[in-house]
Amino acid sequence: MSDWWQWAPEKDPKNQLGFAVVGVGRFGTAVCRELIRNGSDVLAVDSSERAIDELRQLEPSIEARVVDSTDEESMRAAGVLDMGVVVVGISEPIEASITTTLIAKDSEGSKVRQVIARATSDLHEKMLKRVGADRVVFPSRMQGERLGLELVRPNLIERLELDDQIGIDEIKVPAVFVGRSLRDLNLRKNFLVNVLAAGPTKGLTVNPPASFVLKKSHVLVVMGSMEDLQKLPQV
């Protein structure tokens with residue numbers, strides 16, 4: 001393999017400190033499990049001991065703690081404020097959701113770079129943004145697995161799962177691929193994935209030739225096992 005491939009992705013400054021998920025109901029648990037599946041460091045907290053116990057049964061290796069997320073010192077002691085990204089998975093009561101977001105974002109000495117909060121209404125969304133949420137999601141629009149996947153694969157545009165093991169991903173072209181031909185990259189050999197299409201979003205070339213050179217503005221559509229797809233470089 002040529003020297004240009006001796007490359008390791010730089011960590012995103014937003015997630016290099018790991019992830020904290022506050023509230024481990026169905027949504028929060030789904031986020032945790034997807035992050036763990038992708039090899040991320042995750043700290044899960046919830047005010048309910050039962051919820052934490054249920055999560056530990058699903059993911060025995062996860063670091064999970066019972067914490068009152070509306071108490072700044074409890075959040076600090078648990079290590080939540082030392083994480084790069086905090087996902088606020090609780091939605092009710094709204095006061096708790098807003099307070100938790102504020103604590104994660106504005107506490108003195110907080111290392112949190114990004115707060116992603118779950119909302120249940122447009123008003124809730126507006127209030128979360130006013131106290132500092134960088135991003136607000138609605139479970140009806142974005143499920144936990146999808147959010148977890150987006151956090152660890154920021155260049156992923158869309159995924160189609162053909163079954164439990166095989167999928168098709170549309171991704172932004174990673175920086176390390178820019179200016180190189182598909183022949184040079186040899187993705188089938190180096191990553192065990194097949195290129196189905198490449199090029200501008202509105203002008204994809206299906207089954208592109210080996211001489212096709214990738215540009216920064218291009219996207220790639222690749223098929224392979226979920227495990228192999230997740231090994232592709234990030235932007």
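The values are calculated or read from the model by the stated rules, or taken from the named source; none is laboratory data. If you're wondering where the values come from, they're calculated on a predicted model, not measured in any experiment. Ideal geometry is used to build each Cβ from the backbone, glycine not excepted, and the neighbour counts take in all protein chains shown.
Okay, residues lined up against (1) out of contact with any helix residue (DSSP H, G or I) (no Cβ under 9 Å at 6 or more places or on another chain); (2) closer than 18 Å to residue 227 by Cβ; (3) surrounded by fewer than 16 Cβ atoms within 10 Å (Cβ to Cβ):
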residue: 103; (1), (2), (3): no, no, no
residue: 106; (1), (2), (3): yes, no, yes
residue: 123; (1), (2), (3): no, no, yes
residue: 137; (1), (2), (3): no, no, no
residue: 173; (1), (2), (3): yes, no, no
Select from the stretch 46-87 the residues that are within 22 Å of the chain's Cα centre (by Cα) and polar (S, T, N, Q) and write down the one among them that is nearest to residue 113 (Cα to Cα). 69
Test residue 60 against the criterion of being modelled with pLDDT under 90, farther than 24 Å from residue 97 by Cβ and not aromatic (Phe, Trp, Tyr), and give yes or no. no
Go through (1) modelled with pLDDT of 95 or more; (2) touching a helix residue (DSSP H, G or I) at 6+ places or on another chain (Cβ under 6 Å); (3) surrounded by 21 or more Cβ atoms within 10 Å (Cβ to Cβ); (4) not polar (S, T, N, Q) one by one and return the number of the condition residue 43 breaks. (2)
Sole exception among (1) closer than 30 Å to residue 218 by Cβ; (2) buried (at least 16 other Cβ atoms within 10 Å of the Cβ); (3) hydrophobic (A, V, I, L, M, F, W, C); (4) touching a residue at least 40 places away in the same chain (Cβ under 8 Å) for residue 116, by number: (4)
Residue 151 meets each of (1) under 30 Å from residue 227 (Cβ atoms); (2) at pLDDT 85 or above; (3) buried (at least 19 other Cβ atoms within 10 Å of the Cβ) with one exception, condition (2)
Exclusive hit being surrounded by fewer than 15 Cβ atoms within 10 Å (Cβ to Cβ) and within 22 Å of the chain's Cα centre (by Cα), set 220, 162: 162
A careful count of residues in the stretch 85-125 that are acidic (Asp, Glu) and on the phi > 0 side of the Ramachandran plot gives 0
Being of a type in the set (Gly, Ala, Ser) and touching a Cys at 6+ places or on another chain (Cβ under 8 Å) is the filter here; which residues of the stretch 35-66 pass it? 44
Only one of these is surrounded by fewer than 16 Cβ atoms within 10 Å (Cβ to Cβ) and touching a strand residue (DSSP E or B) at 6+ places or on another chain (Cβ under 8 Å): 91, 97, 69, 48. Name it. 48
Somewhere in the stretch 48-64, is a residue within 30 Å of residue 226 (Cα to Cα), part of a strand (DSSP E or B) and among the small types (Gly, Ala, Ser)? yes
